[in-house]
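The values are calculated or read from the model by the stated rules, or taken from the named source; none is laboratory data. For clarity, every value in this text was computed on a predicted model and none was experimentally measured. Neighbour counts run over all protein chains shown; Cβ positions are idealised from the backbone, glycine included. We work out accessible area using only protein heavy atoms, side chains counted, and drop any ligands, DNA or RNA first. Shrake-Rupley method; radii C 1.70, N 1.55, O 1.52, S 1.80 Å.
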Amino acid sequence: MEGIFWLAILILMVVIEIITLGLTTIWFAGGALIAFLASLAGAGLPVQAVLFFVVSLGLLLGTRPFAMKYFNKDRTKTNAESLIGATAVVMEDIDNLQAVGRVQVNGQEWSARSSSGFGIPKGKTVLVEEIRGVKLVVKEKMEE
């Protein structure tokens, strides 16, 4: 009976992985496979459960960093992600206390906040550090 349970978990994890293609559940599919094989070999449910968790965790910790590095290397950044590190020009004074400020980057205007908390005047050049929701978090670019 446990074998059917592990087989169902295995199939479910593989189907989710196929749908998402995000390397999210494949580790648990491996754990379910080992637990399924253990059930066929006659191991008890506690042994199967321990094998499932140990193998899943081992695969997750042991192979995920490698997989993320090599399988996701060609992933294209979204438009917003590509803005991090970009240079922008302040179009409206940035003042975090008054929750105002706009910058222009790559021809697009964005709401902006200062990462330092200090205001940045209109016309200054800034560097995009991160994105929080629909706002760019910027810091004043030092003159070179």
Per-region count, region 1-54, residues hydroxyl-bearing (Ser, Thr, Tyr), part of a helix (DSSP H, G or I) and exposed (fewer than 15 other Cβ atoms within 10 Å of the Cβ): 1
Cβ pairs under 7 Å, 6+ apart, first in region 11-35 and under 21 Å from Lys69 (Cβ atoms), second outside any helix (DSSP H, G or I) and open to solvent by less than 30 Å² (accessible area, probe 1.4 Å): Glu17/Thr25
Search result, residues across region 93-115 that are exposed (fewer than 14 other Cβ atoms within 10 Å of the Cβ) and in contact with a Lys or Arg (Cβ under 7 Å, 6 or more places away or on another chain): Glu109
Some residue of region 122-131 being of a type in the set (Gly, Ala, Ser) and assigned to a strand (DSSP E or B): no
Residue, most open to solvent (accessible area, probe 1.4 Å), within region 77-92, restricted to residues that are more than 13 Å from the chain's Cα centre (by Cα) and at pLDDT below 70: Asn79
